[in-house]
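Participant: Sharing a structure with you now.
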Amino acid sequence: MTDQQTPVIAVDGPSGAGKGTVCARLAAALGWQLLDSGALYRITGLAAGRKGIALDDESAVSRIAAALDVRFEPTSEGVRVILEGDDVTTTIRTEEVGSLASQVAALPAVRDALLQRQRDFRAPPGVIADGRDMGTVVFTDAPVKVFLTASAEERGRRRYKQLTEKGISASLPALIEDIRARDERDSNRAVAPLKPAQDAVLIDSTSMSIEEVCDQVMNLVRTAGLI
Ligand code: C5P
């Protein structure tokens with residue numbers, strides 16, 4: 001099987017729509033590779049921040065992105081992310097690093113620098129790609145493309161629940177506001193804006209369970225003849 005024949009399920013959409021959980025479950029169920037492209041932007045933002053590089057210094061940040069010394073280590077509790085030997089699995093999930101990620105993601109040279117690294121995840125038997133531009137830029141030939149959304153209020157409530165369950169205090173209105181601001185930035189940026197691919201299937205998960213979303217995507221995978 002050549003790289004181009006290796007099937008890809010491209011799952012795009014705004015943060016909090018459930019892409020991460022859905023993609024992790026599908027990857028485990030199918031035994032396919034998982035590409036968490038947001039993690040690459042988060043790691044780039046964190047690495048640039050740690051090196052004291054200004055986030056609007058496009059060429060310096062893109063050099064960091066091109067040379068990232070990062071490893072993804074699958075464990076029984078999920079994938080651990082190791083940046084220059086340091087376990088940053090939890091650090092990259094903070095709101096602060098999410099904001100760094102969204103700033104570096106707006107730089108075209110950074111997106112270019114991460115493009116091949118993302119395509120390198122395409123290996124048999126298949127890959128589930130989680131991101132914002134998987135179906136529109138990175139894997140335009142993906143046989144299954146999904147655009148997963150949910151209302152900003154519902155995404156805010158999900159994030160609030162996640163944080164409070166971890167003992168982290170949070171304000172629901174502030175979270176919803178942050179989500180709206182990030183959507184706005186991601187949808188209106190000049191390069192690779194967040195939008196569904198023309199051939200993507202739209203799934204609104206506002207009143208759906210994770211299981212229902214996974215079932216719906218699995219049906220698309222079956223219909224496409226991938227399993
Ligand atoms: O998905 P996640 O919340 O981890 O992504 C963090 C940020 O990285 C997003 O807000 C977005 O700005 C950026 N991103 C992107 N393209 C992707 C994945 C993430 O621009 N494919």
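The values are calculated or read from the model by the stated rules, or taken from the named source; none is laboratory data. Keep in mind that what you see is a predicted model, and the values were worked out from it rather than measured. Here the Cβ is made from the backbone with ideal geometry for all residues, glycine too, and neighbour counts use every protein chain on show.
Participant: Exactly one of (1) more than 13 Å from the ligand (Cβ to nearest atom); (2) at pLDDT 95 or above is unmet by T90. Its number?
Facilitator: (2)
Participant: Continuing with the same structure: Select from region 122-138 the residues that are within 12 Å of the ligand (Cβ to nearest atom) and closer than 14 Å to Q4 by Cα and list them in ascending order. Full working, then the answer.
Facilitator: Step one: filter region 122-138 for residues within 12 Å of the ligand (Cβ to nearest atom), giving 129-138.
Result: V138, single match.
Participant: Another one. A28 passes all but one of (1) surrounded by 14 or more Cβ atoms within 10 Å (Cβ to Cβ); (2) more than 11 Å from the ligand (Cβ to nearest atom); (3) among the hydrophobic types (A, V, I, L, M, F, W, C); which number fails?
Facilitator: (1)
Participant: Only one of these conditions is not met by N188: (1) of a type in the set (S, T, N, Q); (2) at pLDDT below 95; (3) surrounded by 15 or more Cβ atoms within 10 Å (Cβ to Cβ). Which number is it?
Facilitator: The failed condition is (3).
Conditions tested, residue by residue: (1) part of a helix (DSSP H, G or I); (2) within 12 Å of the ligand (Cβ to nearest atom); (3) of a type in the set (S, T, Y); (4) surrounded by 15 or more Cβ atoms within 10 Å (Cβ to Cβ).
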position: V11; (1), (2), (3), (4): no, yes, no, yes
position: G16; (1), (2), (3), (4): no, yes, no, yes
position: G20; (1), (2), (3), (4): yes, yes, no, yes
position: L34; (1), (2), (3), (4): no, no, no, yes
position: I43; (1), (2), (3), (4): yes, yes, no, yes
position: F72; (1), (2), (3), (4): no, no, no, yes
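Participant: If you check I227 against the conditions, is it away from the ligand (no atom under 11 Å from the Cβ) and touching a Cys at 6+ places or on another chain (Cβ under 9 Å)? Give the derivation first.
Facilitator: Working: away from the ligand (no atom under 11 Å from the Cβ): yes; touching a Cys at 6+ places or on another chain (Cβ under 9 Å): no.
Taking the combined requirement at face value, the residue does not satisfy it.
Participant: For region 102-111, name all the residues that are within 12 Å of the ligand (Cβ to nearest atom), surrounded by fewer than 21 Cβ atoms within 10 Å (Cβ to Cβ) and modelled with pLDDT of 95 or more.
Facilitator: Of everything in region 102-111, just one residue is within 12 Å of the ligand (Cβ to nearest atom), surrounded by fewer than 21 Cβ atoms within 10 Å (Cβ to Cβ) and modelled with pLDDT of 95 or more, namely P108.
Participant: Restricting attention to region 16-42, which residues are in contact with a Lys or Arg (Cβ under 6 Å, 6 or more places away or on another chain) and either within 10 Å of C214 (Cα to Cα) or among the polar types (S, T, N, Q) (or both)?
Facilitator: First, the residues of region 16-42 that are in contact with a Lys or Arg (Cβ under 6 Å, 6 or more places away or on another chain): 16.
Those that are in contact with a Lys or Arg (Cβ under 6 Å, 6 or more places away or on another chain) and either within 10 Å of C214 (Cα to Cα) or among the polar types (S, T, N, Q) (or both): none in region 16-42.
Participant: In addition: Within region 193-227, how many residues turn out to be basic (K, R) and touching a Ser or Thr at 6+ places or on another chain (Cβ under 9 Å)? I'd like the intermediate steps shown before the answer.
Facilitator: We begin by selecting, within region 193-227, every residue basic (K, R); these are 195, 222.
Next cut, touching a Ser or Thr at 6+ places or on another chain (Cβ under 9 Å) only: 195.
The total comes to 1.
Participant: May I pose another question? Could you count how many residues in region 112-144 are surrounded by fewer than 23 Cβ atoms within 10 Å (Cβ to Cβ) and closer than 25 Å to R63 by Cβ?
Facilitator: 12
Participant: Inside region 82-190, counting only helices (runs of 4 or more DSSP H) that do not spill past its ends, which hold 2 or more residues that are within 14 Å of the chain's Cα centre (by Cα) and farther than 23 Å from Q33 by Cβ?
Facilitator: Per the criteria, 95-104, 172-188.
Participant: Any chance region 196-203 includes a residue that's within 14 Å of the ligand (Cβ to nearest atom) and closer than 23 Å to V110 by Cα?
Facilitator: yes
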